[in-house]
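The values are calculated or read from the model by the stated rules, or taken from the named source; none is laboratory data. Note that the structure is a prediction, hence the values are computed from the model and not measured. Every residue, glycine as well, gets a Cβ built from its backbone with ideal geometry; the counts of neighbours run over all protein chains shown. Surface areas here come from the heavy atoms of the whole protein model, side chains and all, with no ligands, DNA or RNA. Shrake-Rupley method; radii C 1.70, N 1.55, O 1.52, S 1.80 Å.
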Amino acid sequence: FGLIEIERGTDEQESLAGLEKGTIEYHFHRAEFLRANGRYQEALGELEIAQRIAPTYAWVDYIIGDTWENLGRLDKAWFYYQKATQKDPKNGWFSYALGKLYEKLDKEDEALMAYQKSLTVAPDNIWSSFALGQIFEKRGDLVNAVFFYRQTNFLGWGPNTLDSKKGLEALKRLEDKHPDLAKRFKDPSGMAIKTISSFENEKEIPPNIQL
(Lines give C-alpha, C1' and ligand atoms only; values in the text may rest on other atoms or scores of the structure.)
Protein backbone atom coordinates (compact mmCIF):
# COMPACT_ATOMS: atom_id res chain seq x y z
CA PHE A 1 0.00 0.00 0.00
CA GLY A 2 1.08 3.60 -0.53
CA LEU A 3 -1.17 6.60 -0.86
CA ILE A 4 -4.49 6.07 0.89
CA GLU A 5 -7.45 8.36 0.30
CA ILE A 6 -9.80 8.76 3.25
CA GLU A 7 -12.43 11.46 3.00
CA ARG A 8 -12.87 14.00 5.77
CA GLY A 9 -15.72 12.98 8.07
CA THR A 10 -15.35 9.26 7.39
CA ASP A 11 -16.20 7.16 10.43
CA GLU A 12 -13.03 5.95 12.17
CA GLN A 13 -14.29 2.41 12.70
CA GLU A 14 -15.29 2.23 9.04
CA SER A 15 -11.86 3.37 7.87
CA LEU A 16 -10.14 0.76 10.07
CA ALA A 17 -12.54 -2.11 9.41
CA GLY A 18 -10.79 -5.44 8.94
CA LEU A 19 -7.38 -4.18 10.08
CA GLU A 20 -5.59 -5.83 12.98
CA LYS A 21 -4.34 -3.53 15.73
CA GLY A 22 -0.58 -3.46 16.05
CA THR A 23 0.06 -3.97 12.33
CA ILE A 24 1.62 -1.36 10.08
CA GLU A 25 -1.56 -1.35 7.99
CA TYR A 26 -3.64 -0.42 11.04
CA HIS A 27 -1.41 2.44 12.17
CA PHE A 28 -0.90 3.69 8.60
CA HIS A 29 -4.65 3.76 7.93
CA ARG A 30 -5.38 5.39 11.28
CA ALA A 31 -2.77 8.06 10.53
CA GLU A 32 -4.48 8.77 7.21
CA PHE A 33 -7.85 8.97 8.96
CA LEU A 34 -6.41 11.51 11.41
CA ARG A 35 -4.75 13.50 8.61
CA ALA A 36 -7.99 13.60 6.62
CA ASN A 37 -9.62 15.23 9.64
CA GLY A 38 -6.82 17.75 10.24
CA ARG A 39 -5.44 15.96 13.32
CA TYR A 40 -1.83 16.07 12.15
CA GLN A 41 -0.05 15.85 15.50
CA GLU A 42 -2.00 12.72 16.41
CA ALA A 43 -1.24 11.31 12.98
CA LEU A 44 2.48 11.73 13.60
CA GLY A 45 2.18 9.50 16.65
CA GLU A 46 0.60 6.74 14.58
CA LEU A 47 3.22 7.16 11.86
CA GLU A 48 6.06 6.87 14.38
CA ILE A 49 4.61 3.53 15.48
CA ALA A 50 4.35 2.42 11.84
CA GLN A 51 7.95 3.44 11.30
CA ARG A 52 9.12 1.33 14.24
CA ILE A 53 7.22 -1.66 12.85
CA ALA A 54 8.62 -1.26 9.31
CA PRO A 55 11.70 1.00 9.41
CA THR A 56 12.58 0.39 5.76
CA TYR A 57 9.14 1.27 4.35
CA ALA A 58 9.66 4.52 2.44
CA TRP A 59 5.98 5.48 2.20
CA VAL A 60 5.89 6.06 5.96
CA ASP A 61 8.72 8.59 5.66
CA TYR A 62 6.92 10.29 2.77
CA ILE A 63 3.65 10.58 4.72
CA ILE A 64 5.53 11.89 7.78
CA GLY A 65 7.12 14.51 5.52
CA ASP A 66 3.76 15.44 4.02
CA THR A 67 2.29 15.75 7.52
CA TRP A 68 5.06 18.10 8.62
CA GLU A 69 4.56 20.12 5.43
CA ASN A 70 0.89 20.51 6.34
CA LEU A 71 2.01 21.74 9.75
CA GLY A 72 4.27 24.34 8.11
CA ARG A 73 7.53 22.68 9.15
CA LEU A 74 9.22 22.61 5.76
CA ASP A 75 12.59 21.73 7.28
CA LYS A 76 11.22 18.51 8.75
CA ALA A 77 9.26 17.82 5.56
CA TRP A 78 12.49 18.07 3.54
CA PHE A 79 14.27 15.69 5.93
CA TYR A 80 11.63 12.98 5.59
CA TYR A 81 11.19 13.40 1.84
CA GLN A 82 14.94 12.91 1.53
CA LYS A 83 14.73 9.78 3.67
CA ALA A 84 11.96 8.44 1.46
CA THR A 85 13.97 8.98 -1.74
CA GLN A 86 17.03 7.34 -0.16
CA LYS A 87 15.04 4.27 0.87
CA ASP A 88 13.23 3.97 -2.47
CA PRO A 89 15.18 5.91 -5.15
CA LYS A 90 13.06 4.40 -7.93
CA ASN A 91 9.85 6.03 -6.69
CA GLY A 92 9.28 9.12 -8.81
CA TRP A 93 6.54 10.46 -6.53
CA PHE A 94 9.00 11.11 -3.71
CA SER A 95 11.26 13.18 -5.97
CA TYR A 96 8.21 15.07 -7.23
CA ALA A 97 7.28 15.91 -3.62
CA LEU A 98 10.81 17.23 -3.07
CA GLY A 99 10.49 19.37 -6.18
CA LYS A 100 7.24 20.95 -4.97
CA LEU A 101 8.84 21.61 -1.60
CA TYR A 102 11.88 23.24 -3.21
CA GLU A 103 9.54 25.52 -5.14
CA LYS A 104 7.92 26.57 -1.87
CA LEU A 105 11.41 27.39 -0.61
CA ASP A 106 12.16 29.43 -3.77
CA LYS A 107 14.90 26.99 -4.78
CA GLU A 108 14.03 26.64 -8.44
CA ASP A 109 17.25 24.95 -9.57
CA GLU A 110 16.87 22.26 -6.92
CA ALA A 111 13.21 21.84 -7.89
CA LEU A 112 14.14 21.35 -11.55
CA MET A 113 16.68 18.68 -10.63
CA ALA A 114 14.15 16.90 -8.41
CA TYR A 115 11.55 16.83 -11.20
CA GLN A 116 14.22 15.66 -13.62
CA LYS A 117 15.12 12.80 -11.27
CA SER A 118 11.44 11.96 -10.96
CA LEU A 119 11.16 11.53 -14.73
CA THR A 120 14.41 9.57 -14.85
CA VAL A 121 12.94 6.86 -12.62
CA ALA A 122 9.27 7.31 -13.61
CA PRO A 123 8.99 8.66 -17.20
CA ASP A 124 5.18 8.57 -17.01
CA ASN A 125 4.95 11.02 -14.08
CA ILE A 126 2.66 13.68 -15.59
CA TRP A 127 2.91 15.90 -12.51
CA SER A 128 6.69 16.27 -12.90
CA SER A 129 6.29 16.91 -16.65
CA PHE A 130 3.77 19.67 -16.01
CA ALA A 131 5.93 21.20 -13.26
CA LEU A 132 8.94 21.25 -15.59
CA GLY A 133 6.85 22.92 -18.27
CA GLN A 134 5.92 25.65 -15.81
CA ILE A 135 9.52 26.22 -14.73
CA PHE A 136 10.82 26.39 -18.30
CA GLU A 137 8.00 28.75 -19.33
CA LYS A 138 8.83 30.98 -16.37
CA ARG A 139 12.49 31.01 -17.45
CA GLY A 140 11.58 31.88 -21.02
CA ASP A 141 12.79 28.52 -22.34
CA LEU A 142 9.74 28.01 -24.52
CA VAL A 143 11.14 25.06 -26.46
CA ASN A 144 11.40 22.96 -23.32
CA ALA A 145 8.18 24.40 -21.92
CA VAL A 146 6.23 23.25 -24.98
CA PHE A 147 7.96 19.87 -24.91
CA PHE A 148 6.97 19.13 -21.32
CA TYR A 149 3.45 20.48 -21.75
CA ARG A 150 3.04 18.21 -24.77
CA GLN A 151 4.46 15.31 -22.79
CA THR A 152 2.02 16.04 -19.95
CA ASN A 153 -0.88 15.88 -22.39
CA PHE A 154 0.48 12.77 -24.10
CA LEU A 155 0.91 10.94 -20.78
CA GLY A 156 -2.42 12.06 -19.33
CA TRP A 157 -4.69 9.28 -18.20
CA GLY A 158 -7.76 10.40 -20.09
CA PRO A 159 -9.17 13.83 -20.99
CA ASN A 160 -10.40 14.51 -17.46
CA THR A 161 -7.01 14.21 -15.78
CA LEU A 162 -6.41 17.59 -14.16
CA ASP A 163 -2.73 17.99 -14.98
CA SER A 164 -3.26 16.63 -18.48
CA LYS A 165 -5.91 19.31 -19.09
CA LYS A 166 -3.64 21.99 -17.62
CA GLY A 167 -0.81 20.81 -19.86
CA LEU A 168 -3.04 20.98 -22.93
CA GLU A 169 -4.24 24.48 -22.01
CA ALA A 170 -0.66 25.70 -21.44
CA LEU A 171 0.48 24.05 -24.67
CA LYS A 172 -2.28 25.71 -26.69
CA ARG A 173 -1.48 29.09 -25.15
CA LEU A 174 2.21 28.86 -26.07
CA GLU A 175 1.76 27.34 -29.52
CA ASP A 176 -0.88 29.93 -30.44
CA LYS A 177 1.54 32.65 -29.39
CA HIS A 178 4.62 30.98 -30.92
CA PRO A 179 3.43 28.75 -33.80
CA ASP A 180 7.02 28.18 -34.94
CA LEU A 181 7.72 26.12 -31.83
CA ALA A 182 5.54 23.23 -32.95
CA LYS A 183 7.78 22.74 -36.00
CA ARG A 184 10.76 21.93 -33.75
CA PHE A 185 9.12 18.77 -32.43
CA LYS A 186 8.41 15.34 -33.82
CA ASP A 187 5.00 13.83 -33.34
CA PRO A 188 4.31 13.74 -29.57
CA SER A 189 4.07 9.95 -29.66
CA GLY A 190 7.76 9.97 -30.62
CA MET A 191 8.57 11.90 -27.46
CA ALA A 192 11.58 13.48 -29.15
CA ILE A 193 12.86 17.01 -29.45
CA LYS A 194 15.75 18.46 -31.46
CA THR A 195 17.25 20.59 -28.72
CA ILE A 196 17.02 20.27 -24.95
CA SER A 197 19.50 22.98 -24.03
CA SER A 198 18.72 23.04 -20.33
CA PHE A 199 19.62 19.36 -19.93
CA GLU A 200 22.73 19.27 -22.10
CA ASN A 201 25.12 19.66 -19.18
CA GLU A 202 23.27 17.41 -16.74
CA LYS A 203 24.46 13.90 -15.92
CA GLU A 204 20.97 12.45 -15.78
CA ILE A 205 18.58 12.90 -18.68
CA PRO A 206 15.05 11.53 -18.59
CA PRO A 207 15.10 8.44 -20.85
CA ASN A 208 12.18 9.70 -22.95
CA ILE A 209 14.17 12.74 -24.12
CA GLN A 210 16.42 12.34 -27.14
CA LEU A 211 19.14 14.89 -27.78
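For every residue, the table says whether it meets (1) among the hydroxyl-bearing types (Ser, Thr, Tyr); (2) touching a Phe, Trp or Tyr at 6+ places or on another chain (Cβ under 6 Å).
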| residue | (1), (2) |
| --- | --- |
| 40 | yes, no |
| 61 | no, yes |
| 79 | no, no |
| 83 | no, no |
| 89 | no, no |
| 102 | yes, no |
| 112 | no, no |
| 120 | yes, no |
| 123 | no, no |
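One residue is enough: does the range 24-46 have a residue meeting the conditions modelled with pLDDT of 95 or more, open to solvent by 40 Å² or more (accessible area, probe 1.4 Å), within 26 Å of residue 106 (Cα to Cα) and not in a helix (DSSP H, G or I)?
no
Yes or no: residue 117 surrounded by fewer than 19 Cβ atoms within 10 Å (Cβ to Cβ) and among the basic types (Lys, Arg)?
no
Yes/no matrix, rows are residues, columns are (1) open to solvent by less than 30 Å² (accessible area, probe 1.4 Å); (2) farther than 28 Å from residue 82 by Cα; (3) at pLDDT below 60:
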| position | (1), (2), (3) |
| --- | --- |
| 123 | no, no, no |
| 137 | no, no, no |
| 152 | yes, no, no |
| 200 | no, no, yes |
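Mind counting the residues in the range 98-110 that are surrounded by 21 or more Cβ atoms within 10 Å (Cβ to Cβ) and under 26 Å from residue 178 (Cα atoms)?
The number of residues fulfilling the criteria is 0.
Here is a check on your reading of the model: is residue 52 open to solvent by 20 Å² or more (accessible area, probe 1.4 Å), touching a residue at least 24 places away in the same chain (Cβ under 8 Å) and either in contact with a His (Cβ under 6 Å, 6 or more places away or on another chain) or assigned to a helix (DSSP H, G or I) (or both)?
No.
Among the residues of the range 108-150, count how many are part of a loop (DSSP other than H, G, I, E, B) and under 16 Å from the mean Cα position of the chain (by Cα).
4
On the basis of being in contact with a Gly (Cβ under 8 Å, 6 or more places away or on another chain) and either open to solvent by less than 40 Å² (accessible area, probe 1.4 Å) or not in a helix (DSSP H, G or I) (or both), does residue 95 make the cut?
When the stated conditions are applied, residue 95 does not pass them.
Tell me whether the range 71-80 contains one or more residues that are surrounded by fewer than 18 Cβ atoms within 10 Å (Cβ to Cβ) and in contact with a Leu (Cβ under 9 Å, 6 or more places away or on another chain).
yes
Please work out if residue 82 is out of contact with any helix residue (DSSP H, G or I) (no Cβ under 8 Å at 6 or more places or on another chain) and either touching a residue at least 40 places away in the same chain (Cβ under 8 Å) or not in a loop (DSSP other than H, G, I, E, B) (or both).
Judged against the criteria, residue 82 is not a match.
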